[in-house]
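Undergrad: Starting off with a structure, shown below.
The values are calculated or read from the model by the stated rules, or taken from the named source; none is laboratory data. All figures in this text were calculated on a predicted structure; none of them were measured in a lab. We place every Cβ from the backbone using ideal geometry, glycine too, and count neighbours over all the protein chains shown.
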Amino acid sequence: MRLTPAELAVRHLCGRRIPPRSPTSVVECVRDGRARLSRLAGVDYGYDLQAWHDHLKQHPVAGYHYGRNISLPRIMQEALASPAWIEAVRALEAAEG
């Protein structure tokens, strides 16, 4: 299965590694996903998954195919429920000031 640039960025933002060239930690993965999405979309919603989804479904870029009719894709729901993702975002936000 080939991922579009937007799909890859969303997976990384949600802390999902895509071997073999993905960042090695959840923190690095989330940071990379945010940077990729920001470059693709020309905006930066930080680590706010709902804001990213709302923007991307209205302004599809680089192959964003997550449902226009759903409130939040499962991959994002799972990230929001993941202690590892929550801790990674806390660490990134603390480092950013």
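Undergrad: What residue, among those in the range 1-24 that are more than 18 Å from A81 (Cα to Cα) and in contact with a helix residue (DSSP H, G or I) (Cβ under 8 Å, 6 or more places away or on another chain), is modelled with the lowest pLDDT?
TA: S22
Undergrad: Right, another one. What is the one condition in (1) at pLDDT 95 or above; (2) exposed (fewer than 15 other Cβ atoms within 10 Å of the Cβ); (3) not in a helix (DSSP H, G or I) that A84 does not satisfy?
TA: (3)
Undergrad: For the range 7-28, how many residues are within 9 Å of the chain's Cα centre (by Cα) and not in a loop (DSSP other than H, G, I, E, B)?
TA: Here the count works out to 7.
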